[in-house]
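Undergrad: Take a look at the following structure, please.
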Amino acid sequence: MLSKVSTKELMDTVVKGGYCSGCGVCTASEGSVLKMGLTSNGNFEPYKSSSAASETHVVCPFANHDFNEDNISKKLFSNVDQIMREKEIGHFRSIYAGFVKEGDYRQKGSSGGGVSWLCAQLFNERKVDFIIHVKQSDNDKSDVFYEYDISSNLLELQEGAKSRYYPITLEKVLERIRNYPGKYAIVGVPCFIKGIQLLRFSEEVFKERIVHTVSIFCGHLKTTHYMDVLLNQFGVPKQELIKFDFRHKIPNRSASDYGTSILTTSNEKKVKLNKSLFGTNWGLNLFKLKACDYCDDVIGETADISFGDAWLPQYLDDAKGTNVIVVRNQYLDELIKKGVEEQTLFVEELSKEDLIKSQAGGFRHRREGLRHRLFLQDKNNEWRPQKRYSAQKLADEKRARIYENRIKMQEVSFSSKNHEDLSALKKELEPFIAINSKLNKVSLTKRIWNKIKRTFNWGQ
Ligand SMILES: Cc1cc2nc3c(=O)[nH]c(=O)nc-3n(C[C@H](O)[C@H](O)[C@H](O)COP(=O)(O)OP(=O)(O)OC[C@H]3O[C@@H](n4cnc5c(N)ncnc54)[C@H](O)[C@@H]3O)c2cc1C
């Protein structure tokens with residue numbers, strides 16, 4: 001089976017069409033002549049290094065080849081004891097909802113703290129020497145605030161907790177894996193993990209050294225401009241920023257009603273509720289990579305284990321945060337069960353229906369919405385990646401318009417040069433946001449009916 005494409009094909013299709021998520025696995029392919037660079041739109045893309053004359057073949061999660069998420073996960077997990085499969089969510093051995101009870105993993109994590117806890121167990125059990133995950137950059141001269149980094153002990157691991165809604169690339173850490181022997185685990189969003197698996201299939205060195213993959217569920221990736229726009233609303237210049245938290249938990253509020261916080265050079269901590277900040281409504285597609293609109297993996301189907309937020313009514317009341325966990329690897333499932341026995345972890349089984357419900361918006365946008373976007377691309381005779389779902393014009397005209405307007409909001413915010421001028425940016429986006437509000441307006445009767453249903457748990 002083919003898992004690689006030529007660099008020419010990659011540049012002419014994925015990169016030119018805007019379908020690159022910036023993962024950087026193309027730069028790590030053997031003999032690759034590609035490097036990753038940050039564009040003026042605030043996303044990572046590969047470019048051909050000027051000295052490179054020769055043509056090579058590389059791995060890419062968005063290129064058209066024989067491997068999609070279904071056959072990758074079949075190859076990896078179909079022989080796992082007690083494995084099950086469901087079209088919507090792929091392979092799974094167990095599905096849980098829960099949180100970490102020991103230490104401050106939950107307090108310091110975005111959700112239930114499960115990702116950092118699991119990585120800590122991999123260290124404690126000596127299953128890995130290094131964890132690769134995303135941390136604040138410690139290089140003052142760096143043009144990025146967060147980047148992929150390597151942790152080799154529990155203290156370093158803790159610095160990587162929390163979700164960074166910020167572009168990152170694996171370029172440097174993959175180079176490190178190639179050059180330094182050891183056992184590595186990688187934390188990443190679904191398309192990055194898919195790229196890692198393709199790399200593992202294509203080269204023994206990555207297969208041997210990357211022994212575990214941990215995915216976080218993903219709504220979409222943002223450009224650097226998203227953080228700029230949020231920071232702008234705090235009125236603090238970048239030079240005065242020490243820390244930034246996209247997921248500040250606020251006691252006595254719903255888990256989904258979190259805030260953004262910053263720490264300044266004058267040691268001042270400022271917190272703002274996300275709903276008071278322009279740009280934080282994820283349904284508007286703002287500062288989103290186009291690639292994410294052409295991804296059909298919400299939960300990281302090719303990873304050994306995936307963690308998300310339990311956006312379900314029964315967990316939302318707890319502001320401390322609760323994870324949804326999908327396990328595909330037997331050993332990791334045993335680690336979770338051991339955690340429960342030792343009372344360091346609380347988990348309860350979750351049905352696959354509840355898992356899907358917890359990410360309802362994400363699934364809708366990446367299934368129904370994706371089919372419609374594929375239809376639009378085909379209608380315009382434009383290249384687009386092959387997906388597991390076929391192109392289909394949406395019959396529901398109102399929903400079709402919602403998805404079409406979201407494409408506009410993505411395009412305008414992605415290429416806007418107004419990310420440092422909030423009022424100009426708002427003016428540019430306002431017409432599309434107004435259309436979105438109009439299309440999503442729910443009648444008073446429907447709102448009352450929905451409230452009654454929620455109160456009495458009907459239809460849950
Ligand atoms: C861009 C993005 C979109 C997301 N969309 C959704 C969604 O739609 N639905 C949902 O349920 N959950 C989503 N999540 C996942 C969610 O925010 C939590 O990360 C997840 O629930 C794990 O929480 P935790 O407390 O267990 O993790 P923690 O213990 O806080 O650890 C988080 C881990 O993720 C790593 N990490 C942080 N940012 C990134 C990044 N950009 N890329 C790769 N690794 C990173 C950290 O280094 C750390 O290892 C998203 C996360 C990101 C980064």
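The values are calculated or read from the model by the stated rules, or taken from the named source; none is laboratory data. Worth saying up front: this structure is predicted, and the values here are computed from it rather than measured. Heads up, the Cβs are rebuilt from the backbone with ideal geometry, glycines too, and the neighbour counts pull from every protein chain shown. Surface areas here come from the heavy atoms of the whole protein model, side chains and all, with no ligands, DNA or RNA. Shrake-Rupley method; radii C 1.70, N 1.55, O 1.52, S 1.80 Å.
Undergrad: Report ³J(HN,Hα) in whole Hz for each residue of the stretch 210-220, in order, from the Karplus equation J = 6.51 cos²θ - 1.76 cosθ + 1.60 where θ = phi - 60°; Gly and Pro get x.
TA: Once θ is set to phi - 60°, the couplings for the stretch 210-220 become 8, 9, 9, 10, 10, 9, 9, 4, 9, x, 5 Hz.
Undergrad: Also: Could you give the length gained by full extension between Lys337 and Ser254, i.e. 0.36 nm per residue of separation minus their alpha carbon distance, to one decimal place?
TA: 27.1 nm
Undergrad: Go through the stretch 81-91 residue by residue and turn each phi into a ³J(HN,Hα) via Karplus (6.51, -1.76, 1.60, θ = phi - 60°); whole Hz please, and just put x for glycine and proline.
TA: These are the phi-based 3J(HN,Hα) values: 4, 6, 7, 10, 9, 9, 3, 5, 10, x, 6 Hz.
Undergrad: Starting from the Cα of Lys127, draw a straight line to each of the lysines and keep only those under 20 Å, dropping any in the same chain fewer than 8 residues away.
TA: Excluding near neighbours in sequence, the set is Lys183, Lys207, Lys337, Lys338.
Undergrad: Provide the gained length on full extension for the span Lys441 to Lys379, in nm with one decimal, where the gain is 0.36 nm per separating residue minus the Cα-Cα distance.
TA: Once the chain is fully extended between Lys441 and Lys379, it gains 19.4 nm.
Undergrad: Taking +1 at the Cβ of each Lys and Arg and -1 at the Cβ of each Asp and Glu, which of His57, Tyr315, Phe346 sits farthest along the dipole of the chain towards its positive end, judged by Cα position relative to the Cα centre?
TA: Tyr315
Undergrad: Once the other residues with Cβ under 14 Å from the Cβ of Ile250 are scored (Lys, Arg +1; Asp, Glu -1), what is the net sum?
TA: My count for the surroundings of Ile250 gives +4.
Undergrad: Tell me, what HN-Hα J-couplings in whole Hz come from the Karplus equation 6.51 cos²θ - 1.76 cosθ + 1.60 at θ = phi - 60° for each residue of the stretch 249-255, using x for Gly and Pro?
TA: 6, 10, x, 6, 10, 4, 4
Undergrad: Output the Cα-based Rg and Dmax of the stretch 1-129 in Å, rounding Rg to one decimal and Dmax to a whole number.
TA: Values for the stretch 1-129 (Cα only, Rg and Dmax): 19.4, 55 Å.
Undergrad: Which loop GluC sites (Glu not before Pro) in the stretch 328-435, with loop taken from DSSP, have no more than 10 other Cβ atoms within 10 angstrom of their Cβ?
TA: Glu342, Glu382
Undergrad: Same structure, new question: Which of Leu370, Gly37, Ile336 sits closest to the plus end of the dipole of the chain, meaning its Cα is farthest towards the positive end, when Lys and Arg get +1 and Asp and Glu get -1 on the C-beta?
TA: My answer, from the dipole projection, is Leu370.
Undergrad: Per residue, how much space in cubic angstrom lies within the convex hull of the C-alpha atoms of the stretch 367-455?
TA: Considering the Cα atoms of the stretch 367-455, their hull volume per residue is 163 Å³.
Undergrad: Going by amide H atoms built from the backbone, whose H comes under 5 Å of the H on Ser94, apart from near neighbours?
TA: Those qualifying (amide H under 5 Å, at least 5 residues apart or on another chain) are Val327.
Undergrad: Restricting attention to the stretch 387-436, which chymotrypsin sites (Phe, Trp or Tyr not before Pro) occupy a DSSP loop and are surrounded by at most 14 other Cβ atoms within 10 Å?
TA: Tyr389
Undergrad: Let me ask something additional. Amide H of Val189 versus every other amide H placed in the peptide plane: which residues, excluding those fewer than 5 positions away on the same chain, fall under 5 Å?
TA: Here the answer is Ile216, since their amide H atoms fall under 5 Å of that of Val189.
Undergrad: Additional query: Mind checking which of Gln386, Phe287, Ile435 is farthest towards the positive end of the chain's charge dipole, using Cβ charges of +1 (Lys, Arg) and -1 (Asp, Glu) about the Cα centre?
TA: Of Gln386, Phe287, Ile435, it is Ile435.
Undergrad: Here is a follow-up. I need the P(r) histogram for the stretch 1-65: all alpha carbon pairs, bin width 10 Å from 0 out to the longest distance, whole percents.
TA: The percentages, shortest bin first, are 24, 59, 17, 1.
Undergrad: Starting from the coordinates of the alpha-carbon atoms of the chain, obtain the Kirkwood hydrodynamic radius over all distinct pairs and give the value in Å to one decimal.
TA: 22.8
Undergrad: How far is it, in nm, from the label point at Ser351 to the one at Arg401 when both lie 7 Å from their Cα along the line to the Cβ?
TA: According to this spin-label approximation, the distance is 3.6 nm.
Undergrad: Compute the separation of the alpha-carbon centres of the stretch 227-299 and the stretch 186-220 and state it in Å as a whole number.
TA: Cα centres, the stretch 227-299 to the stretch 186-220: 26 Å.
Undergrad: What is the stretch 150-192 by shape, rounded, prolate or oblate, if you read a ≥ b ≥ c off the alpha carbon gyration tensor as root eigenvalues and call it rounded for a/c under 1.5, prolate for a/b larger than b/c, and oblate otherwise?
TA: oblate
Undergrad: Between Gly37 and residues 5 or more places away or on another chain, which pairs have amide H atoms under 5 Å apart, with H built 1.01 Å from N, and which residues are they?
TA: Distant-sequence amide H within range of Gly37: Glu45, Tyr47.
Undergrad: With a cut-off of at most 12 other beta carbons within 10 Å, and DSSP calling the residue loop, which trypsin sites (Lys or Arg not before Pro) in the stretch 1-83 qualify? Please list them.
TA: Within the stretch 1-83, the qualifying trypsin sites (Lys or Arg not before Pro) (loop, at most 12 other Cβ atoms within 10 Å) are Lys16.
Undergrad: Also, quick follow-up: How large, in percent, is the carbon and sulfur part of the accessible surface of the chain at a probe radius of 1.4 Å?
TA: On the chain, the fraction of accessible area on carbon and sulfur atoms equals 48 percent.
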